1. Among the residues of the stretch 53-67, what is the count of those that are in contact (Cβ under 8 Å) with a residue 40 or more places away in the chain and of a type in the set (Ser, Thr, Tyr)?
2. Looking at (1) surrounded by fewer than 17 Cβ atoms within 10 Å (Cβ to Cβ); (2) out of contact with any His (no Cβ under 8 Å at 6 or more places or on another chain); (3) modelled with pLDDT of 95 or more, find the lone condition where VAL94 falls short.
3. Sort out which residues of the stretch 173-200 are over 15 Å from the mean Cα position of the chain (by Cα) and not in a helix (DSSP H, G or I), and write them in order of number.
4. Among the residues of the stretch 131-172 satisfying the criterion of being without any contact (Cβ under 8 Å) to a residue 12 or more places away in the chain and outside any helix (DSSP H, G or I), which is surrounded by the most Cβ atoms within 10 Å (Cβ to Cβ)?
5. Just one of the numbered conditions (1) on the phi > 0 side of the Ramachandran plot; (2) within 16 Å of the chain's Cα centre (by Cα) is not true of THR102; which one?
6. Here are some residues: VAL84, VAL104. Which one is in contact with a Ser or Thr (Cβ under 6 Å, 6 or more places away or on another chain), closer than 19 Å to ALA61 by Cβ and in a helix (DSSP H, G or I)?
7. Would you please name the residue that is surrounded by the fewest Cβ atoms within 10 Å (Cβ to Cβ), looking only at residues in the stretch 1-52 that are without any contact (Cβ under 8 Å) to a residue 40 or more places away in the chain and among the small types (Gly, Ala, Ser)?
8. Please determine, by comparing only the residues of the stretch 97-106 that are in contact (Cβ under 8 Å) with a residue 60 or more places away in the chain and crowded, with 20+ Cβ neighbours inside 10 Å, which one is farthest from LEU86 (Cα to Cα).
Amino acid sequence: MKTLIVHPKDHSTTFLDIVYKDIPDQTLITGGITKTELKELIKSHDRVMMMGHGSPHGLFAVGQFKSEGFNFGGSGYIIDREMVPLLAEKEHNVYIWCWASTFVENNDLKGFSSGMFISEVGEAMYCAKDPSNDEMLKIKLSTATQEEVDNSNYGFVDIVNKYINEQSNVIYDNVMKEYGLIAEENAVATYNHNRIRLFL
């Protein structure tokens, strides 16, 4: 299976490299190409893994990709609605960025995805205000430490790495089980675990 990995270069998401370090027959794109060139790469691969920073509207380009004029230069995204028709042709994609699951659901795509994902202490403090949290989780998130964030981040990527060469349902089942064990002791992981989604 040929895997395309789109992971815009950004020091704050380098821990995600662990997810794909053992994938055979991979093409890693961290920047330096246009959206048109990326579209051709998506077409020629069996699945696409996308990770980094993002929003419900897609994966941020974080200034790493070549502009093709107004159309891309103003969007700020390297993966967005423009890529949906191509992504929809594949069933086992992986979407790991904040609010990726909303992007996947809104565009009727398939695969494994993260929801809002706390990967920094500042994000934990912000997410402590989420009204969907119970009071205890709010308190724990508001006082989250760098150690807790690191344990969650590296626990998550190590687990995903173990199953990344499987189909998305196998990745999901095992991540929910094993990351769930971390979530029993770690409020950051609890928040993230509650938002992991699988779309079939």
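1. 1
2. Single failed check for VAL94: (1).
3. GLU184, GLU185, ASN186, LEU200
4. Narrowing the stretch 131-172 to residues without any contact (Cβ under 8 Å) to a residue 12 or more places away in the chain: 131-132, 134-136, 138-139, 143, 147, 150, 166, 170.
Narrowing the set further to residues that are outside any helix (DSSP H, G or I) leaves 131-132, 134, 143, 166.
On the way: PRO131: 5, SER132: 9, ASP134: 9, THR143: 12, GLU166: 14.
Filtering first and then ranking leaves GLU166.
5. Among (1) on the phi > 0 side of the Ramachandran plot; (2) within 16 Å of the chain's Cα centre (by Cα), THR102 violates only (1).
6. Working: VAL84 fails: in contact with a Ser or Thr (Cβ under 6 Å, 6 or more places away or on another chain).
Among VAL84, VAL104, only VAL104 is in contact with a Ser or Thr (Cβ under 6 Å, 6 or more places away or on another chain), closer than 19 Å to ALA61 by Cβ and in a helix (DSSP H, G or I).
7. Only one residue tops the list, namely GLY32.
8. Here is the first cut: in the stretch 97-106, the ones in contact (Cβ under 8 Å) with a residue 60 or more places away in the chain are 101, 104-105.
Keeping just the survivors that are crowded, with 20+ Cβ neighbours inside 10 Å gives 101, 104.
Numbers: SER101: 17, VAL104: 13 Å.
Among them, the one singled out is SER101.
The values are calculated or read from the model by the stated rules, or taken from the named source; none is laboratory data. Quantities reported herein were computed from a predicted structural model and do not represent experimental measurements. Note that each Cβ is placed from the backbone with ideal geometry, even for glycine, and that neighbours are counted across all protein chains shown.
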